[in-house]
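Engineer: I am attaching a structure below and will ask some questions about it afterwards.
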Amino acid sequence: MNVLVLGAGQLARMMALSIKPLNIEVLAYDVGSKQVVNPLAPQHPVCDLAAGIERADVITAEFEHVAHDVLALCEASGKLKPSAQAIKIGGDRRLEKALLTTCDAANAKHHIISSEQDFQTAIEALSLPIILKSALEGYDGKGQWRLKSKEDAATIWQDIERFISSNPKQGIVAEQMVPFSREVSLVGARSVSGEVKTYPLTENHHTDGVLSVSTALADEPQLQQQATEVFTRLTQEMEYVGVLAIEFFQVGDQLLVNEIAPRVHNSGHWTQQGCDCSQFANHIRAVCGLPLGSTELARPTAMINILGEDTLPQAALGMDGVNVHWYGKEKRAGRKMGHINVSGKDQAQLEQRLLTIAQLLPNESFADIKSYIAKQCS
Ligand code: AMP
């Protein structure tokens, strides 16, 4: 079988690597060069988009901000999974909020803004502090403003007005700030026949707004059930096929949806070593109409993102239970260059190994990660 992935980054690369044993070939559409490439050698174009669509049995996406004309072309071929609409929902916070409302999925109180009048209404309707997020193309905390006191409203509105006037389709979602105790996410897959399998919830830590550590949560049956119910409702409503991630805020015993990603997700990278079938293999299985693989926790595992570094100490690479995944990218400050999966035979061994690897990682790029691990594991 041949799969075309829209987007030629590390997610397409890891899909290709994961599914080769099932004799499935993955090509990727590079939205920058507008060429179809081998995701393991993206510098060598293979063909153009039309030829890529023609030779694919199935088309899917590694990110939600795919140009709508490209989505329409792929959908017209009858090969796109998940649907163009599901991908668009993930790329527009207004559509996302509408889906959450339809599915009665708990989330922060919010208000949609497209004018100064809406902005004033939001301030009155939602008590401060509020967070204002761009509806389109916002990720990793970009395109966001925090309004803590009314005195700052005029300055923030000026900034937002400039931002939204650059794109007539742009809008803002204002949300009440949620006093969460932690951020968790659920990654799961839905098959063509509607079967749902979810991985264990993952606890997520961010450094400067970017995910830096994800740890599989083995023992949270109540939260797992809550999250799985939300996953099932949302994916059923969209008739979704493939892997989808839901990010949640935990407030007491309740999970509030923050956002959804209609694709494999950084907080699911640990499944490469933590489960018998990774999120990448399960996504390709789902969109190809194959049975889903096991999503059970095979071994306690955590993932550490490598941000802005292209080498690691040899001693870290040589540790038992450590697997390093590089993305083949050129080094740039803060860029996601790869990740490290750390596993143990039980939680105690995992924590011991996390403490050991944290000692070995350089201070410069890993300072926040090191102090997070020290706090979590001691
Ligand atoms: P997002 O791009 O929506 O994932 O937001 C980036 C980060 O901002 C999240 O990971 C949270 O730490 C924080 N954040 C977003 N929305 C809220 C909210 N409603 N209340 C509190 N913190 C939030």
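Engineer: Based on DSSP H runs of at least 4 residues, each adding -39500 (n - 2.57), what is the mean residue ellipticity at 222 nm of the chain after dividing by all its residues, to the nearest 500 deg cm²/dmol?
Structural biologist: The helix-only estimate for the chain comes to -10000 deg cm²/dmol at 222 nm.
Engineer: Sticking with this one: Suppose every Lys and Arg Cβ carries +1 and every Asp and Glu Cβ carries -1, with no other charges. What dipole size does the stretch 132-198 come out with about its Cα centre, to the nearest 20 debye?
Structural biologist: The dipole of the stretch 132-198 has a size of about 140 debye.
Engineer: Stokes-Einstein at 20 °C, 1.002 mPa s, Kirkwood radius from Cα pairs: D for the stretch 109-176 in µm² s⁻¹?
Structural biologist: For these conditions, the coefficient is 182 µm²/s.
Engineer: Would you work out which of 376, 328, 340 lies farthest towards the positive end of the dipole of the stretch 321-378? Charges go on Cβ: Lys and Arg +1, Asp and Glu -1.
Structural biologist: 328
Engineer: Can you tell me what the convex hull of the Cα atoms of the stretch 1-132 projects to on average, as an area in nm²?
Structural biologist: Spelled out: convex hull of the Cα atoms, projected over all directions, averaged, 10.6 nm².
Engineer: Let me ask something else. In square nanometres and to one decimal, what's the mean projected area of the convex hull around the Cα atoms of the stretch 2-80?
Structural biologist: So the Cα hull casts an average projection of 4.6 nm².
Engineer: Over the chain, give the accessible area per residue in Å² for a 1.4 Å probe, as an integer.
Structural biologist: Heavy-atom accessible area per residue stands at 44 Å².
Engineer: Over 10 Å intervals from 0, what percent of Cα-Cα pairs in the stretch 65-133 sits in each interval?
Structural biologist: Cα pair-distance distribution for the stretch 65-133, in percent: 17, 36, 28, 15, 4.
Engineer: Please give the direction-averaged projected area of the C-alpha convex hull for the chain, in square nanometres with one decimal.
Structural biologist: About 18.7 nm², averaged over all directions.
Engineer: If I compute solvent accessible area with a 1.4 Å probe over the protein chains, what percent of it on the chain is carbon and sulfur?
Structural biologist: Carbon and sulfur atoms account for 48 percent of the accessible area of the chain.
Engineer: Ok, one more. Determine the distance separating the Cα centre of the stretch 170-213 from the Cα centre of the stretch 252-301; give it in Å without decimals.
Structural biologist: Distance between centres, Cα-based: 12 Å.
Engineer: Through the Karplus equation 6.51 cos²θ - 1.76 cosθ + 1.60, θ set to phi - 60°, convert the phi angles of the stretch 177-192 into ³J(HN,Hα) values in whole Hz; use x for Gly and Pro.
Structural biologist: 5, 9, x, 7, 8, 6, 10, 10, 9, 10, 10, x, 10, 10, 8, 4
Engineer: Considering only DSSP beta bridges with both partners in the stretch 2-80, what is the antiparallel share in %, to the nearest 5?
Structural biologist: Approximately 40 percent, going by the DSSP bridge assignments.
Engineer: Give, as a single signed number, the net charge of other residues whose beta carbon lies under 14 Å from the beta carbon of residue 359, with Lys and Arg counted +1 and Asp and Glu -1.
Structural biologist: After counting each charged neighbour, the total is +1.
Engineer: Most mobile of 250, 352, 279 per a Gaussian network model of the chain (Cα springs, under 10 Å)?
Structural biologist: Of 250, 352, 279, the most mobile in the Gaussian network model is 352.
Engineer: Run through the DSSP bridge list for the chain and note the antiparallel percent, rounded to the nearest 5.
Structural biologist: So the antiparallel bridges amount to about 85 percent of the total.
Engineer: Per the Kirkwood treatment, what hydrodynamic radius in Å, one decimal, follows for the stretch 182-377 from the mean inverse distance over all distinct Cα pairs?
Structural biologist: 17.1
Engineer: Please give the charge dipole size of the stretch 2-80, origin at the Cα centre, charges +1 on K and R Cβ atoms and -1 on D and E Cβ atoms. Round to the nearest 20 debye.
Structural biologist: 220
Engineer: Additional query: Could you check which residue among 213, 36, 46 shows the biggest mean-square fluctuation in a GNM of the chain with a 10 Å Cα cutoff?
Structural biologist: The residue with the greatest mean-square fluctuation here is 46.
Engineer: Now for a separate question. Find the eigenvalues of the gyration tensor of the Cα atoms of the stretch 221-272, then list the square roots of 5 times those eigenvalues as equivalent ellipsoid semi-axes, largest first, in whole angstrom.
Structural biologist: Taking √(5λ) for each eigenvalue gives 18, 15, 10 Å, largest first.
The values are calculated or read from the model by the stated rules, or taken from the named source; none is laboratory data. As the structure is a computational prediction, the values presented were derived from the model and not from experiment. Virtual Cβ from ideal backbone geometry, glycine too; neighbours counted across all protein chains shown. Surface areas here come from the heavy atoms of the whole protein model, side chains and all, with no ligands, DNA or RNA. Shrake-Rupley method; radii C 1.70, N 1.55, O 1.52, S 1.80 Å.
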